[in-house]
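Structure first, commentary second.
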Amino acid sequence: TIERIKSLLVDAENNFKKLKISNIVTKHADGNLGWSEQIPFDRIIFTAATKNIPDFIFDHIKDDGIIIAPISNNNNQILRKYRKINNKITQEKLSDVMFVPNLSGTKD
């Protein structure tokens, strides 16, 4: 998981320890830049609404990989499911949603 706000990352890491979850890797960074050291992923979940997913993020998932993301369009947000099949991306509308906006950069 990538978290841009350091204090939220520390809280999450403490919760993982309390729950004895040891198979989660964390990083304090701008999630918009991806995580090339950990690719390829089976799944990616965006937890903030974005206007679009950069093309290079689709390179971060395996064939038959899935990205779930809330996509902003004007004042609406739609949760979309993207699937990579033979290096082609398909997409499916899942639901209307309301997420916080996706921001760039990091914060301590």
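The values are calculated or read from the model by the stated rules, or taken from the named source; none is laboratory data. Bear in mind that the values here come from a model prediction, so they are computed numbers and not experimental data. Backbone-built Cβ (ideal geometry, glycine too); neighbour counts: all protein chains shown. The protein model used for the area step is the full one, side chains on, heavy atoms only, and it has no ligands, DNA or RNA in it. Shrake-Rupley method; radii C 1.70, N 1.55, O 1.52, S 1.80 Å.
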Among residues of segment 50-75 being surrounded by 12 or more Cβ atoms within 10 Å (Cβ to Cβ) and either under 10 Å from the mean Cα position of the chain (by Cα) or among the polar types (S, T, N, Q) (or both), the residue farthest from K27 (Cα to Cα) is S72
- Item | Boolean, T26 is in contact with a Gly (Cβ under 9 Å, 6 or more places away or on another chain) and surrounded by fewer than 16 Cβ atoms within 10 Å (Cβ to Cβ) | no
Residues of segment 76-91 being open to solvent by 90 Å² or more (accessible area, probe 1.4 Å) and not in a loop (DSSP other than H, G, I, E, B), in sequence order, are N76, K88, Q91
Flag for V10 being more than 12 Å from the chain's Cα centre (by Cα) and surrounded by 13 or more Cβ atoms within 10 Å (Cβ to Cβ): yes
Q. In contact with a helix residue (DSSP H, G or I) (Cβ under 8 Å, 6 or more places away or on another chain), surrounded by 12 or more Cβ atoms within 10 Å (Cβ to Cβ) and among the β-branched types (V, I, T), is that true of T1?
A. yes
